[in-house]
1. Checking residue 126 against (1) touching a strand residue (DSSP E or B) at 6+ places or on another chain (Cβ under 7 Å); (2) outside any strand (DSSP E or B); (3) closer than 13 Å to residue 182 by Cβ, which single condition isn't satisfied?
2. Across segment 67-93, which residue is surrounded by the fewest Cβ atoms within 10 Å (Cβ to Cβ) among those that are among the aliphatic types (A, V, I, L, M), under 19 Å from the mean Cα position of the chain (by Cα) and assigned to a loop (DSSP other than H, G, I, E, B)?
3. Quick one: is residue 167 surrounded by fewer than 20 Cβ atoms within 10 Å (Cβ to Cβ) and charged (D, E, K, R)?
4. List the residue pairs whose Cβ atoms are under 8 Å apart, where the first residue sits in segment 38-55 and is under 16 Å from residue 18 (Cα atoms) and crowded, with 19+ Cβ neighbours inside 10 Å, the second is at pLDDT 95 or above and aromatic (Phe, Trp, Tyr), and the two are 6 or more positions apart or on different chains.
5. Could you list, in sequence order, all residues of segment 225-250 that are surrounded by 17 or more Cβ atoms within 10 Å (Cβ to Cβ) and hydroxyl-bearing (Ser, Thr, Tyr)?
6. Search segment 197-224 for residues being of a type outside the set (Gly, Ala, Ser), within 18 Å of residue 245 (Cβ to Cβ) and touching an Asp or Glu at 6+ places or on another chain (Cβ under 7 Å), and hand back the single one that is surrounded by the most Cβ atoms within 10 Å (Cβ to Cβ).
7. Are any residues in segment 194-244 closer than 14 Å to residue 162 by Cα and assigned to a strand (DSSP E or B), and if so, which ones?
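The values are calculated or read from the model by the stated rules, or taken from the named source; none is laboratory data. Quantities reported herein were computed from a predicted structural model and do not represent experimental measurements. Cβ sites come from the backbone with ideal geometry, for glycine too, and all protein chains shown count toward neighbours.
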Amino acid sequence: MDAKGHTPPGACDSHIHIYDRAFLANADAPGFVDAADVDAYRKVQARIGTQRVVIVTPRVYGTDNAVTLDAIRQLGIANARGVAVVRPDVTDAELEALHAGGIRGIRFTLYTPSNAVVGFDMVEPLANRVAELGWHVQLHWTAAQIVEHQALLGRLPSTIVFDHCARLPLPDGAAHAAFPVVRHLADAGRAWIKLSGPYLDSRDGRDCRYADVAPTARAWVSAVPHRLVWGSDWPHVTETHKPDDPMLLDLLGEWTSDTATRNRILVDNAASSYGFAS
């Protein structure tokens with residue numbers, strides 16, 4: 001099933017990863033995904049009808065963002081943006097080059113700190129530096145980590161993007177203590193939440209269309225529709241049984257109460273967050 005007939009012009013897939021062996025020093029590096037290059041993603045775009053995209057550097061590349069910059073170049077900077085991974089030793093010149101290449105944020109994947117190439121101690125100093133470029137910090141943290149570090153979040157000068165519905169675990173969902181922390185930041189215009197990766201916290205699974213995550217997604221839509229973006233999380237590296245990408249986009253229609261809200265999330269919010277032409 002294709003969703004493109006229902007996708008508005010300018011719609012953005014705000015969270016994908018590109019993998020290309022040409023940019024991998026170790027051809028046998030664990031975590032690499034085959035058949036997930038730019039050409040493969042163009043086929044996904046054709047199916048779901050999105051024109052814009054945000055590419056996030058995968059963990060397997062560490063702090064080497066060349067694969068993401070190349071993907072932005074191939075897809076065209078008018079319709080593609082990137083989120084890089086950097087450490088405090090990154091130079092100002094390197095940050096400026098990343099900006100020129102379409103990077104608009106940096107990611108801290110600390111959901112499993114033992115596997116991370118960055119640390120919580122790096123968040124604030126790097127946020128202070130990238131704020132000058134107008135970039136955001138993107139956080140893939142557990143809900144418990146969000147609560148634990150809420151004072152840190154309140155100090156950050158940059159906009160914050162919370163990955164994957166802020167990873168609110170079930171059965172708590174929106175009743176988790178992280179929800180008001182993130183909502184407060186969103187209400188203040190300081191945070192965005194990605195409606196993406198429903199399978200990451202679902203117990204119902206693909207065959208049930210991740211139905212148990214729907215109340216959490218709807219809670220975000222009800223609370224802060226003006227601070228949400230949608231992402232497919234392609235190529236779904238965590239999943240043995242891959243979801244159908246048009247189905248994931250269709251879920252957004254089930255989580256929103258009207259077409260205007262759905263289109264706002266897909267087009268207007270993404271344009272504002274990532275600097276696409278309106």
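1. Unmet condition: (3).
2. Selected residue: 78.
3. So residue 167 fails the test.
4. Taking only residues 6 or more apart or on different chains, the pairs are 41/234; 52/274; 52/276; 53/41; 54/274.
5. Scanning segment 225-250 gives a single hit, 232.
6. Taking segment 197-224 first, the residues of a type outside the set (Gly, Ala, Ser) are 198-201, 203-204, 206-210, 212-213, 215-216, 218, 220-221, 224.
Narrowing further to those that are within 18 Å of residue 245 (Cβ to Cβ): 198-200, 206-210, 213.
Filter again for touching an Asp or Glu at 6+ places or on another chain (Cβ under 7 Å), leaving 199, 210, 213.
On the way: 199: 20, 210: 22, 213: 25.
This residue is 213.
7. Passing the criteria: 194, 195, 228, 229, 230.
This table checks each residue for (1) in contact with a Leu (Cβ under 6 Å, 6 or more places away or on another chain); (2) of a type in the set (A, V, I, L, M); (3) assigned to a strand (DSSP E or B).
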| residue | (1), (2), (3) |
| --- | --- |
| 10 | no, no, no |
| 28 | no, no, no |
| 32 | no, no, no |
| 35 | no, yes, no |
| 45 | no, no, no |
| 54 | no, yes, yes |
| 60 | no, yes, no |
